[in-house]
Amino acid sequence: MTNFFLHAKRSPNLLNHGTGAFYQIRHYGKEDVSVMSAIIKALTVIAETNRSAIKNDVWIFSSYIVEELQKEQWLKMDKEFLNQLLKNLAKACEKNARLCR
């Protein structure tokens, strides 16, 4: 499966800070575990289906997501759920997991 958004040589537009689709979704859904989990799952699929350069772009953008997750006061089960999704994302990006606290 080829993702047509990810053929540019630079960082894909949907990940760019301030202008990308994920930025807006993260901004308005940052307190909703279902929205944040959907973002992480989508980033995981993008990483799983693309080359190393895209995996790296996804990983860099995911640090922005994790920073926001760390600001929220999640319930224990929500935090465990999000952390598992972040582990899956790290694996897809071929990186070590950084988990929300």
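Please treat every number below as a calculation from the coordinates, not as lab data. Please read these numbers as outputs of a predicted model, since none were measured by experiment. Here the Cβ is made from the backbone with ideal geometry for all residues, glycine too, and neighbour counts use every protein chain on show.
Points to keep in mind about this one:
- Region 37-101 - percent relative contact order, Cα under 8 Å, separation 6 or more: 43
- FRET efficiency, residue 87 to residue 51 (Cβ-Cβ, R0 25 Å, nearest 0.05): 0.70
- Taking 0.36 nm per residue of sequence separation and removing the Cα-Cα distance, the residue 76/residue 27 pair yields an extension gain of 15.4 nm.
- Cα-based shape type of region 36-101, given that a ≥ b ≥ c are square roots of the gyration tensor eigenvalues and the cut on a/c is 1.5: prolate
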